[in-house]
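What follows is a set of notes on a single structure, which appears directly below.
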Number of protein chains: 2
Amino acid sequence: MTAIGTAPDTAASGRRRGPSMADVAREAHVSGQTVSRVSNGRHNVDADTRERVLAAMRKLGYRPNSAARALRTGRFHSIGVIMFTLSSFGNMRTLDAIAIASADAGYSITLIPVPHPTQGEISGAFDRLSEEAVDGVIIIIEAHLLDESDIELPPDLPVVVVDSTGSDRYTVVDTDQALGARLATEHLLALGHRTVWHIAGPERSYSASRRRESWQQTLAAHGAEAPPVLVGDWSAESGHEIGRALAADPEVTAIFAANDQMALGVLRAMHEAGRAVPDEVSVVGFDDMEEAASFWPPLTTVRQFFGEVGRLSVEALLHEVESSERRENRLVTTELVERASTGRPPS
Amino acid sequence: MTAIGTAPDTAASGRRRGPSMADVAREAHVSGQTVSRVSNGRHNVDADTRERVLAAMRKLGYRPNSAARALRTGRFHSIGVIMFTLSSFGNMRTLDAIAIASADAGYSITLIPVPHPTQGEISGAFDRLSEEAVDGVIIIIEAHLLDESDIELPPDLPVVVVDSTGSDRYTVVDTDQALGARLATEHLLALGHRTVWHIAGPERSYSASRRRESWQQTLAAHGAEAPPVLVGDWSAESGHEIGRALAADPEVTAIFAANDQMALGVLRAMHEAGRAVPDEVSVVGFDDMEEAASFWPPLTTVRQFFGEVGRLSVEALLHEVESSERRENRLVTTELVERASTGRPPS
DNA sequence: GCTCAGCATGTTGACGTGAACATGCCCGAT
DNA sequence: ATCGGGCATGTTCACGTCAACATGCTGAGC
């Protein structure tokens, strides 16, 4: 009947692409539109027909082409996440929560890394972003750098910024850094320490500034004299270095580090100097990373709810994507976790 | 001249979509194809024309529509990464490197999380994957679970598996776990310890098995008696628990933990029990996470090159994506980093 | 028996892009 | 002067999908 080689599927099999709706439609003896309806789970398809289409899909190994779908609908069902690489423990946890929340909502995550935190790199990431197939963006970047960058986001692209300044251009999901720093500082003061030393995060970090400011205000509110601010770079190594200087000063009895890693460095410095924690010096961290409970001694720290931050970010973003109206900003609380690294000052 | 409201762009501005190539073409008085050529950086465009097109792009705020481009070319310029959420420190570092290497190659990363490491979830991730807009996939999942899952990957989809068994279905980029475990064990034996205790990772982890087997083989090769295998779950807490038991046994003088977090838990247990490290007990970890140098005492550990793993994975995957031929498997080396947590056994 | 609502299904076209092919011009070789 | 090669630019069409509209059938209501 048919001449050799004229069977259309044989001829078509040469190309790399998988079967399309049209192939399924032919196989199931229905129109492409019916395949589309089945593929999208619409209910106005007869049960028999649906079954026939599904069978054809299975037989051919049909996979919807998301590019065509996106082209047609204008929706990518994907969320872009812009963040520093080699990023902090907290960012990873947040990313994690974002990924899970997105997956639950049927969105995938497109990572847009910023290898080096220079303005050029950040602008570059945003340029790349504008070509990315995303419906909205979550930005997890030290806010001060963000402000300095003259970034130009595609208009109409919903944006949620995490842990940043309260800009009125975007929805912001923030952690209550001020509360955490106050709790940490008050905890140490309440134990009887005359004042609290602070190891801050880098200047350009918004979170670091907020923690530092709150620490200062809390000291002032309690009439305690504020020691000079010491600035680290979030790393345990920087905490160790600053900790060595502090260990040499017998006046220092209470230290509040702006994150757990720097607190770890401080602990090591104290051990090396032979100063007992918490008997001679109390140390508080920030983040409550998983390992903090296993430091020696176990670290008193401020717990952040990264999962909640991620969840709320996705919720706010998708709300804007799907309804075009902005969600109000959210503030995620923090809490003090008391462990063995803090105690009364030596008398 | 023009009647009110007849300007075509005014009429078109009602819709949500941004300007298309056609709009730019009209603005620059060229054909759409010329815009396409400029957009793709082809060289066969006159300098004047190119400048005119670029100006029009800027004026209109033109952004290439990646969905249309992907539909036309069949390429998404995106790599899918399947991994556990809340994943280990090492995986995050690998992800980081993957993100950077991909960005350099002009590919973006689509994260496909697997919230719970059950077979159903993994299969679910792969189902989702088949609808994802990716050109290839990097899988970072405990291999044993992978084997148990009857996953069905889309045919013709290039796959690279990280830290997994040597399957001949996919390219594998692996870390030389065996070398690392041997180095760690030999280091302790060379210091004079009679034998080395091992805290392994969970059963289902391929990396954990390989480290455990290599530890056993090394002990056997040196004629040392192998203590029973202790199994943790990678967490510092599990290391602490097992460490408490080990601390109570005066025979134990050398411990090799399968990762740094568990080693941290062991250190804590030793401190609590008043057993000096390294004077009474030596401890070695695995990974060389950033904080390991700031543990107390600083941890001797096996360094992994996560960045290299990520880089090689992307390289292998993109090679297959672009040339359709498989790269050979790669093995990334490891090295021992000696710090203060190991020393001679008490005499 | 006729009408028409309600539902399953089919037909058409457009989303924005780039490959393939077509056109037209300039300029050097003959 | 003529031809043709090379290059810039234009035209056409299909990638796979889904919204909008069209069709045709069944059965309830009068």
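The values are calculated or read from the model by the stated rules, or taken from the named source; none is laboratory data. These numbers come from a predicted model, not from an experiment. Note that we place each Cβ from the backbone using ideal geometry, even for glycine, and neighbour counts take in every protein chain shown.
The one condition from (1) touching a Lys or Arg at 6+ places or on another chain (Cβ under 8 Å); (2) of a type in the set (Ser, Thr, Tyr); (3) modelled with pLDDT of 95 or more that A:Thr171 does not meet is (3). Scanning the range B:168-195 for residues that are touching a Pro at 6+ places or on another chain (Cβ under 9 Å) and under 30 Å from B:Ile138 (Cα atoms) yields a total of 2.
Is it the case that the range A:261-272 has a residue that's more than 11 Å from every other protein chain (Cβ to nearest Cβ) and either touching a Pro at 6+ places or on another chain (Cβ under 9 Å) or not charged (D, E, K, R) (or both)? Even if it seems obvious, please write down each step before you answer.
We begin by selecting, within the range A:261-272, every residue more than 11 Å from every other protein chain (Cβ to nearest Cβ); these are none.
No, the range A:261-272 contains no residue that is more than 11 Å from every other protein chain (Cβ to nearest Cβ) and either touching a Pro at 6+ places or on another chain (Cβ under 9 Å) or not charged (D, E, K, R) (or both).
Scanning the range B:278-296 for residues that are part of a strand (DSSP E or B) and within 14 Å of another protein chain (Cβ to nearest Cβ) returns B:Val283, B:Asp287. Restricting attention to the range B:266-288, which residues are in contact with a strand residue (DSSP E or B) (Cβ under 8 Å, 6 or more places away or on another chain) and among the aliphatic types (A, V, I, L, M)? Correct list: B:Val266, B:Leu267, B:Met270, B:Val277, B:Val281, B:Val283, B:Val284.
Are any residues in the range A:186-203 in contact with a helix residue (DSSP H, G or I) (Cβ under 9 Å, 6 or more places away or on another chain) and either of a type in the set (A, V, I, L, M) or farther than 18 Å from A:Gln261 by Cα (or both), and if so, which ones? Even if it seems obvious, please write down each step before you answer.
Step one: of the range A:186-203, the residues in contact with a helix residue (DSSP H, G or I) (Cβ under 9 Å, 6 or more places away or on another chain) are A:186, A:189, A:195-203.
Across the range A:186-203, the qualifying residues are A:Glu186, A:Leu189, A:Thr195, A:Val196, A:Ile199, A:Ala200.
Being in a loop (DSSP other than H, G, I, E, B) and either within 14 Å of chain A (Cβ to nearest Cβ) or closer than 19 Å to B:Val281 by Cβ (or both) is the filter here; which residues of the range B:211-246 pass it?
So the first thing to find is which residues in the range B:211-246 are in a loop (DSSP other than H, G, I, E, B), and the list is B:222-229, B:232-235.
The answer is B:Ala224, B:Glu225, B:Ala226, B:Pro227, B:Pro228, B:Val229, B:Gly232, B:Asp233, B:Trp234, B:Ser235.
Look at the range B:45-70: where a residue is under 28 Å from B:Ala133 (Cβ atoms) and a partner is aromatic (Phe, Trp, Tyr), sitting 6+ places away or on another chain with Cβ atoms under 7 Å, you get B:Ala67/A:Phe76; B:Ala70/B:Phe76.
Just one of (1) at the interface with another protein chain (Cβ under 8 Å from one of its Cβ atoms); (2) in a helix (DSSP H, G or I); (3) crowded, with 22+ Cβ neighbours inside 10 Å fails for B:Thr94. It is (1). Does B:Thr185 fit the bill of being in contact (Cβ under 8 Å) with a residue 40 or more places away in the chain and of a type in the set (Ser, Thr, Tyr)? It is true that B:Thr185 is in contact (Cβ under 8 Å) with a residue 40 or more places away in the chain and of a type in the set (Ser, Thr, Tyr).
Scanning the range B:19-76 for residues that are near DNA strand C (Cβ under 10 Å from one of its atoms), assigned to a helix (DSSP H, G or I) and surrounded by fewer than 17 Cβ atoms within 10 Å (Cβ to Cβ) yields B:Ala22, B:Gly32, B:Gln33, B:Ala68, B:Arg72, B:Thr73. Can you find a residue in the range A:1-15 that is modelled with pLDDT of 90 or more and within 15 Å of DNA strand D (Cβ to nearest atom)? No; the residues of the range A:1-15 include none that is modelled with pLDDT of 90 or more and within 15 Å of DNA strand D (Cβ to nearest atom).
If we keep just the residues of the range A:297-307 that are at pLDDT 95 or above and surrounded by 24 or more Cβ atoms within 10 Å (Cβ to Cβ), which is farthest from the other protein chains (Cβ to nearest Cβ)? Looking at the filtered set, the residue picked out is A:Val302. For the range B:317-347, name all the residues that are touching a residue at least 12 places away in the same chain (Cβ under 8 Å) and assigned to a helix (DSSP H, G or I). Within the range B:317-347, B:Leu317, B:Leu318, B:Glu320, B:Val321 meet the criteria.
Condition first: without any contact (Cβ under 8 Å) to a residue 24 or more places away in the chain and more than 16 Å from DNA strand C (Cβ to nearest atom). Can you find one or more residues in the range A:87-96 that meet it? Can you show your working first?
Within the range A:87-96, the subset without any contact (Cβ under 8 Å) to a residue 24 or more places away in the chain is A:92.
Among the residues that remain, those that are also more than 16 Å from DNA strand C (Cβ to nearest atom) are: A:92.
So far as the range A:87-96 goes, yes, one or more of its residues are without any contact (Cβ under 8 Å) to a residue 24 or more places away in the chain and more than 16 Å from DNA strand C (Cβ to nearest atom).
Take the residues in the range A:315-347 that are of a type outside the set (Gly, Ala, Ser) and in contact with a Phe, Trp or Tyr (Cβ under 8 Å, 6 or more places away or on another chain); name whichever of them is farthest from A:Ser214 (Cα to Cα).
Residues of the range A:315-347 that are of a type outside the set (Gly, Ala, Ser), as a first pass: A:315, A:317-322, A:325-339, A:342, A:344-346.
Add one more test, that the residue is in contact with a Phe, Trp or Tyr (Cβ under 8 Å, 6 or more places away or on another chain), and what stays is A:318, A:332-334.
Numbers: A:Leu318: 32, A:Val332: 16, A:Thr333: 15, A:Thr334: 13 Å.
Residue satisfying both the conditions and the ranking: A:Leu318.
Please go through the range A:247-260 and give me each residue that is more than 12 Å from chain B (Cβ to nearest Cβ) and part of a helix (DSSP H, G or I), ordered by number. Within the range A:247-260, A:Ala247 is the sole residue that qualifies. Among (1) on the phi > 0 side of the Ramachandran plot; (2) at pLDDT below 70, which single condition is A:Ala143 missing? All conditions pass for A:Ala143, except number (1). Report yes if B:Glu131 is farther than 30 Å from B:Met289 by Cα, touching a helix residue (DSSP H, G or I) at 6+ places or on another chain (Cβ under 7 Å) and more than 16 Å from DNA strand C (Cβ to nearest atom), otherwise no. The answer is yes for B:Glu131.
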